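Written out below as structure tokens is the structure these notes cover.
The values are calculated or read from the model by the stated rules, or taken from the named source; none is laboratory data. Quantities reported herein were computed from a predicted structural model and do not represent experimental measurements. With ideal geometry, Cβ positions are generated from the backbone for all residues, glycine too; neighbour counts draw on all protein chains shown. Areas reflect the complete protein model, heavy atoms only, side chains present, ligands, DNA and RNA absent. Shrake-Rupley method; radii C 1.70, N 1.55, O 1.52, S 1.80 Å.
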Amino acid sequence: MKMSKIVELLNAKVLCGEELLENEVHSACGSDMMSDVLAYVKDQAVLLTGLVNLQVVRTAAMMDMLCIVFVRGKIPSDDIIEFARDNGMVVLASEERMYPACGKLYANGLVGGALHA
Amino acid sequence: MSVPLKFHYDVHGEDFTSAGNASVQAKKALRQLGYDPNIIRRVSIAMYEGEINMVIHADGGSADIIVYPDYIEIVLADKGPGIPDVSKAMQEGFSTAPDNIRSLGFGAGMGLPNMKKHTDDMKIDTVIGEGTTITMRVNT
Ligand SMILES: Nc1ncnc2c1ncn2[C@@H]1O[C@H](COP(=O)(O)OP(=O)(O)OP(=O)(O)O)[C@@H](O)[C@H]1O
Ligand SMILES: [Mg+2]
């Protein structure tokens, strides 16, 4: 799925990485616990989260993720967006809650991906 | 014999905002050295978990990355309270993190086992009341 499709499906605001939206992503995960993202996520390119702090973008950067979607209308502060921009990530913000946001993406082919072996 | 390349980072314990910053810097440094992305990711995740632990549980410390010809060593040293029962701390789900840490997205008790999972070797030296040093190795 192109990241521009995520923008469309979630009616999301693009906070940075506009120029990257035509790139493809193949899997996603949703969590407010960075502990779990670090422990259970393998190759997912997209992180949906309702948690807003700098550790969200740092965690995503450690895991080489390409796109962060802040759900529930959360708008990250400028330092968070700045970090994501410097690290070549797309940041989106959507009014959707976590469950419907994940559901819409999943139903349109963005799967969960493999667990750690 | 050439001297191994070393990167040193101070990890500040007083404010959570900067937690993870050393790992971000280390990842950049390893990228510049041209390592395979999978190797870099394993080092990054292991160091990041350990760095966050030093901030949450030990009031900060220091992080060193030492680059040897066939492996990368990560040394995380703090002067925190030490770990009373290491085998318990290594269990998935064991955490002493307070609720306010959970609201920041951490404290599931997954960090130490995850560090072990992503490294080829991991050693924990800990003394109650003196501190903890974790040494990890990722073969390159
Ligand atoms: N550097 C340290 N100094 C003192 N205690 C530590 C240190 N690192 C870990 N611990 C202890 O070991 C426990 C387990 O650590 P682990 O990283 O697995 O989980 P956590 O940090 O509590 O949660 P998570 O890593 O999932 O966010 C911690 O809750 C803490 O009691
Ligand atoms: Mg931890």
- request: Compute, for A:CYS102, the solvent-accessible surface of its heavy atoms (probe 1.4 Å) with the complete set of protein chains present, and express it in square angstrom to the nearest 10.
  value: 40
query: Any idea what the relative contact order of chain B is, in percent, if you count C-alpha pairs under 8 Å spaced at least 6 apart?
result: 26
- prompt: Which net charge results when you count Lys and Arg as +1 and Asp and Glu as -1 among the other residues whose beta-carbon is under 11 Å from that of B:SER44?
  reply: +3
- prompt: How many angstrom separate the Cα center of segment B:103-140 from the Cα center of segment A:83-111?
  reply: 30
query: Counting only residues 5 or more places away or on other chains, whose amide H sits under 5 Å from the amide H of A:GLU95 once H atoms are built in the peptide plane?
result: A:GLY73
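With +1 on the Cβ of every Lys and Arg and -1 on the Cβ of every Asp and Glu, and nothing else charged, how large is the dipole of segment A:3-107 about its Cα centre, in debye rounded to the nearest 20? Walk me through the numbers on the way to the answer.
Numbers: 9 positive and 15 negative charges, 76 e Å.
Value, rounded to 20: 360 debye.
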statement: Contact-by-burial set, segment A:36-80, min loss 20 Å², accessible area of protein heavy atoms with 1.4 Å probe, reference chain alone, gives A:LEU38, A:ALA39, A:TYR40, A:ASP43, A:LEU51, A:ASN53, A:LEU54, A:GLN55, A:ARG58, A:MET62, A:MET63, A:ASP64
task: Treat each spin label as a single point 7 Å out from the Cα along the C-beta direction, and report the B:PHE94 to B:ASP70 distance in nm.
output: 3.3
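Ignoring ligands, DNA and RNA, what percent of the accessible area of segment B:5-139 is carbon or sulfur (1.4 Å)?
Numbers: 3120 of 6300 Å².
Looking at segment B:5-139 in its full context, I get 50 percent from C and S.
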- line: Listed by chain and number, the residues whose amide H is under 5 Å from that of B:MET110, excluding neighbours fewer than 5 places away on the same chain and using placed H, are B:GLY93
- request: Quick one: give the max-minus-min coordinate of the C-alpha atoms of the protein assembly as shown along each principal axis, largest first, in Å.
  value: 53, 44, 35
task: Please give the helix B:37-58 orientation as an angle from the longest Cα principal axis of chain B, in degrees from 0 to 90, rounded to the nearest 10.
output: 30
Volume per residue of the C-alpha convex hull in chain A, rounded to whole Å³: 84
- request: Indicate the helices, whole DSSP H runs only, in chain A that combine a mean Kyte-Doolittle hydropathy of -1.0 or more with a Cα extent along their long axis of 24 angstrom or more.
  value: none
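In the neighborhood of B:GLY61, defined by Cβ-to-Cβ distances under 11 Å, what is the net charge if each Lys or Arg adds +1 and each Asp or Glu adds -1?
Numbers: positive: B:LYS79; negative: B:ASP10, B:GLU51, B:ASP59, B:ASP64, B:ASP78.
So the surrounding residues net to -4.
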message: Using amide H atoms built in the peptide plane, which far-off residues or other-chain residues are under 5 Å from A:GLY30 H to H?
response: A:LEU48
Inter-centroid distance (Cα atoms) of segment A:1-78 relative to segment B:2-21, Å: 25
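Which percentage, to the nearest 5, of the DSSP beta bridges contained in chain A is antiparallel? Walk me through the intermediate numbers first.
Values: 5 of 17 bridges.
Among the beta bridges of chain A, antiparallel pairing accounts for roughly 30 percent.
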